[in-house]
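Engineer: Below: one structure in structure tokens.
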Amino acid sequence: MRITMIGAGYVGLVSGVCFADFGHEVTCVDNVAEKVEALRNGVIPIYEPGLDELVKSNVKAGRLTFTTDLAAAVADADVVFIAVGTPSRRGDGHADLSFVYAAAKEIAHAMKGFTVIVTKSTVPVGTGDEVERIIRTERPDADFAVVSNPEFLREGAAISDFKRPDRIVIGSEDERATEVMREVYRPLYLNSAPLFFCDRRTSELIKYAGNAFLAMKITFINEMADLCEKVGADVQKVAKGIGMDKRIGDKFLHAGPGYGGSCFPKDTMALVKTAQDHDSPVRLIETTVAVNDTRKRAMARKVMAACDGNVRDKKIAILGLTFKPNTDDMRDAPSISIIQALQDHGAKIHAYDPEGMEIARGMLSGVEFGTDPYKIAEGADALVLVTEWDAFRALDFRRLKQIMAQPVMVDLRNVYPAEEVTRHGVSYFGVGRQVAAE
């Protein structure tokens, strides 16, 4: 099929490339000429494992092209996906849908023949109705259908998530559009990917409800971690004990510094605002948002406690800046709040991340960036593991003991067993576990 993907950001690029890899003819449209030119030359604007090779192979095969010409790309398409950004609107927290609606207007004037328009962007309930209204107003004579098809991609594992999904949710109220979407995803039938069809508004809410539930699960185990520290329990064993119950499951029960990234913060807030607008408040999610906001700076206080309550003029080494491993995404990363809180108390911050430092430089001031974990640990009063990159899972604690001013490890992801660290003479502070001094 001929597919046009409007927006060559994270979701649009990954989705477009994977559709091309299925054998569809895909055109990715973006209004940033420099990005389009870079993609044509095989330069990928985001870090996602395996994506660069997939782009190159499908461009070479002629199935994937990039352009700034939306009108031409839409005119030739059977299916047009809207995959533009929906950031939190400044001031009130609602999802900013201006890019979605602008794309809808352009599509209206460019499409020819029956066209299925699919909202891939994460949007509040009722957005599909408004997209349909905009197009109908702009082109009363147009033959089209608007479908909701939310994405469920995890950064760092997006390609495998797209090709081996838990489910494919399609919100459609037009039989022709439903059949088109079956054809779009037909290559996944071999993997027995479950296509779940529902009405458009239900599809839109499924995305928000799913992210909100996962965010709530993370926040729940973080609050349990705080309680574990007070009563002398081990949050990792608590998580395992409850996760063995199939009704609960063990996913997203890892205590840490709170959630961040491109989805959970803005989607939970957007759901809260949507619920308030409809006089049906979601109190659990409101609390989830509030608890997560305060947790990140609370982790800075944990670092201060590990440094005897004072970090003024002390060197604190931060391992990991991105909100999770295997991405360069710094959006709402816990590291930002933690670093800023430590700086507020006079700490000198040195940091290292395998992929996130270039973006972090534009978001953080007064931070000295290093080239590896040991470089930033030299003379440090504490080493703080914030993002659990694989490169940080086998640190040489004998070496760290020798080069640090104070051998203190604050493990905000509970990567290490306390005894593995302390046996080398390094004090260990985890999350939801008892302090283990050397």
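Engineer: For the chain, modelled as a GNM with alpha-carbon contacts under 10 angstrom, which of Ser427, Ser203, Ser160 fluctuates the most?
Structural biologist: The residue that fluctuates most here is Ser160.
Engineer: So, one more: Roughly what % of Cα-Cα distances in segment 72-137 sit above 16 Å, to the whole percent? It would help to have the intermediate numbers written out before the result.
Structural biologist: On the way: 952 of 2145 pairs.
Percent of Cα pairs beyond 16 Å in segment 72-137: 44.
Engineer: Now for a different question. Please report the net charge: other residues with Cβ closer than 14 Å to the Cβ of Ile168, K and R +1, D and E -1.
Structural biologist: Working: positive: Lys120, Lys163, Arg164, Arg167, Arg182, Arg186, Lys207; negative: Glu151, Asp161, Asp166, Glu183.
The answer is +3.
Engineer: Accessible area of Ser280, 1.4 Å probe, to the nearest 10 Å²?
Structural biologist: For Ser280, the solvent-accessible surface is approximately 70 Å².
Engineer: Could you give each residue of segment 371-388 its phi-based ³J(HN,Hα) in whole Hz, using Karplus coefficients 6.51, -1.76, 1.60 with θ = phi - 60°, and x for Gly or Pro?
Structural biologist: Result, ordered by residue: 9, 6, x, 6, 4, 6, 7, 4, x, 7, 8, 6, 10, 10, 8, 9, 10, 8 Hz.
Engineer: Gain in length, Gln406 to Ala102, computed as 0.36 nm per residue apart minus the alpha-carbon separation, to one decimal in nm?
Structural biologist: Numbers: separation 304, 0.36 × 304 = 109.44 nm, distance 5.51 nm.
Fully extending the segment from Gln406 to Ala102 adds 103.9 nm.
Engineer: Bin by bin, in steps of 10 Å, what percent of the Cα pairs in segment 263-353 do you find, going until the bin that has the longest distance?
Structural biologist: Over segment 263-353, the share of Cα pairs per 10 Å bin runs 16, 38, 27, 15, 5, 0 percent.
Engineer: Please give the per residue accessible area of segment 234-288, computed with a probe of 1.4 Å over protein heavy atoms only, in Å². Please report the intermediate quantities before stating the final value.
Structural biologist: On the way: 3110 Å² over 55 residues.
I get 57 Å² per residue for this part.
Engineer: Report, to two decimal places, the Cα Rg of segment 296-438 normalised by 2.2 N^0.38 Å (N = number of residues). Each step should come with its number before you reach the end.
Structural biologist: Numbers: Rg = 13.5 Å, N = 143, 2.2 N^0.38 = 14.5 Å.
Its radius of gyration relative to the 2.2 N^0.38 Å reference: 0.93.
Engineer: Counting only residues 5 or more places away or on other chains, whose amide H sits under 5 Å from the amide H of Leu412 once H atoms are built in the peptide plane?
Structural biologist: Leu385
Engineer: Cys307: accessible area at probe 1.4 Å, nearest 10 Å²?
Structural biologist: The accessible area comes out at roughly 10 Å².
Engineer: Let me ask something additional. Mind computing the radius of gyration and Dmax over the alpha-carbon atoms of segment 48-206? Å is fine for both.
Structural biologist: Answer for segment 48-206, Rg first and Dmax second: 16.0, 46 Å.
Engineer: So, one more: Express in whole angstrom the spacing between the alpha-carbon centres of segment 170-198 and segment 342-414.
Structural biologist: Value for the Cα centre distance between the two parts: 46 Å.
Engineer: Dipole magnitude of segment 291-349 about its Cα centre, charges +1 at Lys/Arg Cβ and -1 at Asp/Glu Cβ only, in debye to the nearest 20?
Structural biologist: Working: 11 positive and 7 negative charges, 36 e Å.
Dipole of segment 291-349, to the nearest 20 debye: 180 debye.
Engineer: Express in nm, to one decimal, how much length is gained between Lys112 and Lys163 on full extension, taking 0.36 nm for each residue of separation and deducting their alpha carbon distance. Working shown, then result.
Structural biologist: Numbers: separation 51, 0.36 × 51 = 18.36 nm, distance 2.99 nm.
Contour length minus Cα-Cα distance gives 15.4 nm.
Engineer: Return the carbon/sulfur percentage of the accessible area of the chain, one whole number, probe 1.4 Å, all protein chains in place.
Structural biologist: Numbers: 9670 of 19460 Å².
Heavy-atom surface of the chain belonging to carbon and sulfur, 1.4 Å probe: 50 percent.
Engineer: Translational diffusion coefficient, Stokes-Einstein: compute it for the chain using the Kirkwood radius over C-alpha pairs as Rh, at 4 °C and 1.567 mPa s, and state it as an integer in µm² s⁻¹. List each step's numbers first, then the result.
Structural biologist: Working: Rh = 23.4 Å.
Translational D for this selection: 55 µm²/s.
Engineer: Taking the solvent-accessible surface of protein heavy atoms with a 1.4 Å probe, what is the per residue accessible area of segment 322-435 in Å²? Spell out each step's value before the answer.
Structural biologist: Numbers: 4740 Å² over 114 residues.
Value returned for segment 322-435: 42 Å² of accessible area per residue.
Engineer: Taking θ as phi - 60°, what are the ³J(HN,Hα) couplings along segment 200-205 by the Karplus curve (6.51, -1.76, 1.60), each to the nearest whole Hz, with x for Gly and Pro?
Structural biologist: Using θ = phi - 60°, the values come out as 5, 5, 5, 4, 4, 6 Hz.
Engineer: Over all Cα pairs of segment 141-268, how is the pair count split among 10 Å bins, expressed in % and running from 0 up to the last occupied bin?
Structural biologist: 11, 31, 30, 17, 7, 2, 0
Engineer: If I histogram all Cα-Cα distances within segment 1-132 using bins 5 Å wide from 0, what percent of pairs lands in each bin?
Structural biologist: With 5 Å bins starting at 0, P(r) equals 2, 11, 22, 23, 20, 13, 7, 2, 0, 0.
Engineer: Taking the alpha carbon gyration tensor of segment 245-307, what are the square roots of 5 times its eigenvalues, largest first, to the nearest whole Å? Before the final figure, lay out the partial values.
Structural biologist: Working: eigenvalues 134, 62, 21 Å².
The answer is 26, 18, 10 Å, longest axis first.
Engineer: When only DSSP loop residues count, what trypsin sites (Lys or Arg not before Pro) in segment 310-346 have their Cβ near at most 13 other Cβ atoms within 10 Å? Write out the running numbers ahead of the final one.
Structural biologist: Numbers: sites: Arg312, Lys314, Lys315, Arg331; in loops: Arg312, Lys314, Arg331.
Answer by residue number: Arg312.
Engineer: Here is a further query. Under unit Cβ charges (Lys, Arg +1; Asp, Glu -1), what dipole magnitude, rounded to 20 debye, does the chain have relative to its Cα centre? Display every interim value, and only then the final one.
Structural biologist: Numbers: 54 positive and 62 negative charges, 201 e Å.
Using Cβ point charges on Lys, Arg, Asp and Glu, the chain gives about 960 debye.
Engineer: Still on this structure: Report Lys348's accessible area, 1.4 Å probe, all protein chains in place, as a number in Å² to the nearest 10.
Structural biologist: Using a 1.4 Å probe on the heavy atoms, I get roughly 110 Å².
Engineer: Report relative contact order for the chain in percent, whole number only (criteria: Cα-Cα under 8 Å, sequence separation at least 6). Each step should come with its number before you reach the end.
Structural biologist: Numbers: 872 pairs, mean separation 50.2, N = 438.
Relative contact order comes out at 11 percent.
The values are calculated or read from the model by the stated rules, or taken from the named source; none is laboratory data. All values derive from a computational prediction rather than experimental measurement. Cβ atoms come from the backbone with ideal geometry, glycine included; neighbour counts cover every protein chain shown. These accessible areas exclude ligands, DNA and RNA; they are computed on the full protein's heavy atoms, side chains included. Shrake-Rupley method; radii C 1.70, N 1.55, O 1.52, S 1.80 Å.
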